[in-house]
1. Which order do the peptides 3-13, 42-52 take when ranked by the mean count of other beta-carbon atoms within 10 Å per residue, highest first?
2. GNM, the chain, Cα, under 10 Å: largest mean-square fluctuation among R149, R99, R186?
3. Relative to the longest principal Cα axis of the chain, at what angle does helix 123-134 sit, 0 to 90 degrees, rounded to 10?
4. Of the residues G53, G105, G89, which exhibits the maximal mean-square fluctuation in a Gaussian network model of the chain defined by a 10 Å Cα contact cut-off?
5. Before rounding to the nearest 500, sum -39500 (n - 2.57) across all DSSP H runs of length at least 4 in the chain and divide by the residue total; then give [θ] at 222 nm in deg cm²/dmol.
6. Each label point is 7 Å from the Cα along the Cα-to-Cβ direction; what then is the distance between the points at E83 and Q24, in nm?
7. Binning at 10 Å from 0, report for region 1-114 what percent of all alpha-carbon pair distances ends up in each bin.
8. So what does the Cα-only Debye profile of region 3-198 read at q = 0.14, 0.16 Å⁻¹, as log10 I(q)/I(0), no solvent term?
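Readers should treat all values here as calculations from the given coordinates under stated rules, not as data from a laboratory. Remember, predicted model here, so these are calculated numbers, not experimental data. Cβ coordinates were reconstructed from backbone atoms using ideal geometry, including for glycine residues, and neighbour counts include every protein chain displayed.
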Amino acid sequence: MSDIAAQLAAVQAEYDRLPSGLRQHVERVAAEARDLAARWDLDPARVELAAWGHDLFRAHPPAEQLRLAAECGLPVSDVDRLEPVLLHGPIAAVVLRERFGVTDGEALAAVRDHTLGAAEMPLIAKVILLADKVEPRKRKRDPILRAIRRLARRDLDTALLCWADWKWVEERARGWPSHPAHWDARRRWVAEHHLDRAMPPILPLDPADPDFAPAE
Ligand SMILES: [Fe+2]
Ligand SMILES: [Fe+2]
């Protein structure tokens, strides 16, 4: 058995001790992620491992997440203290590395950043984040996620940005704060989207066209 297959089997076995609803969510995310991996030419084994790892600590009670974060040496902000569930990705990334022997840095980043995103994300992290957000149960709840799922097959970065816009609207509508780490990531995604290099080349003005004539 390859390293990655052994790691996957060990991670999957952990779900025997976790709620069945969480396992079902992870199975749906893994199916979405496999599909996106094929579209974006990613190694399916790495994607499967990250998908199974991403929510290993999602069902742990808040006090346990705070304790594990401290044990893992993770920085815990005031926002995290108010909402310890935000720590489940970072905790899982540390535990996958230290207990399950996962050395794939990009897969670990995918697990760590799947809730909030990050300014810099490898391809696998974009795939895991989007697969987590558009799995069938979630897109049934919110049809906008269906459009984001379709977009993820054409352009992962634009899909991420649309997800961030959707999240922004949800947070404002419900009176929830935006996490500073997510906001930093979002600002970078927006800036990159508007960079000149993403735009068509600037054409010289045609002096004969009255619309382009310099203002008097
Ligand atoms: Fe999660
Ligand atoms: Fe998830």
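1. Highest to lowest by the protection proxy: 42-52, 3-13.
2. Among R149, R99, R186, the largest GNM mean-square fluctuation belongs to R99.
3. The answer is roughly 80 degrees.
4. Its mean-square fluctuation being the largest, the pick is G105.
5. Dividing the helical sum by the residues of the chain leaves -19500 deg cm²/dmol.
6. If labels sit at E83 and Q24, their model points lie 2.5 nm apart.
7. 14, 47, 32, 7, 0
8. The Debye formula, applied to the Cα set alone, gives -0.80, -1.06.
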